[in-house]
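First up is the structure itself, then whatever we jot down about it.
What follows is calculated from the coordinates using simple rules that are stated; it is not laboratory data. Predicted, not measured: the structure shown is a model, and the values here were computed from it. Cβ atoms come from the backbone with ideal geometry, glycine included; neighbour counts cover every protein chain shown.
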Amino acid sequence: MRYAICFTPTPSDPISHVAANWLGRNVFSGEMVEPPAIGGIGIHDVAFHTAVPRRYGFHGVLRAPFHLAADVSETQLLRDMMRFSGSFQPFRIPRIEVARLRNFFSLVPSVPCEDMHYLASAVVQHFDRFRAPLSEAEIERIDPDGLSAAQFANLHRWGNPYVMDEFRFHMPVTGPVNLVDMPRIEQALRSVFEPVLAEPVTVANIALMIEEGAGGPFRVHSLHPMGKVSARKIA
């Protein structure tokens, strides 16, 4: 079993509902969802292009999937996440948008969000003691020969090349898309997501996600509210 620490909007957030429909799976319940009818693209096309993010569910990763270290437990991880999340105040991403990152599409902040970058860096550092070291096979799957010097250093220090200065927050909504299909897929994504992207996104929790069996889908195990308990009760 692997764990990941992420941000995902609450189940009641309109973005969560739209994303579950698009990806075909609810990241909270794990249930499969019937995809919507979208002009210009068939349901089989949607299923094909969302196969990779469907497994992981709608989220933005803060601490990439990891096995627990031998000397820690899930109970300890949960307890530490409760304390950690309470030490950060909620914040907002003013606007997110559909964007192409290399050969896939994600929802990303329209302008860099320093609060999210700081949160992600803190998560990586604080929870590093909970992760087991990467195996040689896991390192090879990352293809270290294709990394920059900074990414290579991150891989060996933090178990992930894309952290700290190499981090960019994104919520994937497709897997790889070939160049021919990109305009059509982008148009479909904008028609689906833009109606719910007008409002700021509130970041008020961090999520612990778990992998259901080796190579299985991820789902949200628990949401950990940000801010002190007393302040949340007053709010």
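Per-peptide packing, taken as the mean over residues of other Cβ atoms within 10 Å, places 109-119, 14-24 in the sequence 14-24, 109-119 from highest down.
Using the Cβ-Cβ distance between HIS126 and ASP181 with R0 = 25 Å, the FRET efficiency computed as 1/(1 + (r/R0)^6) comes to roughly 0.05. Each of HIS156, ALA122, GLY146 was scored by the projection of its Cα onto the charge dipole of region 119-178, and the greatest displacement toward the positive side belongs to ALA122; charges sit on the C-beta of Lys, Arg, Asp and Glu.
Taking 0.36 nm per residue of separation and subtracting the current Cα-Cα distance, fully stretching the chain between THR10 and HIS117 would add 36.5 nm. Within the listed set ASP143, ASP128, ASP165, the residue fluctuating most in the Gaussian network model of the chain (springs between alpha-carbon atoms under 10 angstrom) is ASP143.
So what is the relative contact order for region 1-146, in percent, with contacts set as C-alpha pairs under 8 Å and at least six apart? Computed value for region 1-146: 24 percent relative contact order. Using a cut-off of under 13 Å, list every residue of region 162-206 whose amide N is near the label point 7 Å from the Cα of ALA47 along the Cα-to-beta-carbon line. The answer is none. Farthest toward the positive end of the dipole of region 3-234, out of LEU189, ILE15, ALA137, is the Cα of ILE15, where the dipole comes from beta carbon charges about the Cα centre.
Applying 1/(1 + (r/R0)^6) with R0 = 41 Å to the Cβ-Cβ distance of PHE152 and SER222 gives a FRET efficiency near 0.80. Here the Karplus relation 6.51 cos²θ - 1.76 cosθ + 1.60, evaluated at θ = phi - 60°, turns the backbone of region 105-118 into coupling constants of 10, 9, 9, 9, x, 5, 10, x, 10, 5, 4, 5, 4, 5 Hz, with x for every Gly and Pro.
Only four residue types carry charge here, +1 at the Cβ of Lys and Arg and -1 at the Cβ of Asp and Glu. Report the dipole size of the chain about the Cα centre in Debye, rounded to the nearest 20.
Its charge dipole is roughly 600 debye.
Taking a point 7 Å out from the Cα of GLU212 in the direction of its Cβ, the residues of region 22-42 whose backbone N falls within less than 15 Å of it are 24-34. Can you give me the Cα centroid spacing of region 73-149 and region 1-45 in angstrom? Rounded to whole Å, the Cα centres lie 20 Å apart. Full extension of the segment from ALA198 to MET1, taken as 0.36 nm per residue of separation minus the current Cα-Cα distance, would add 67.2 nm.
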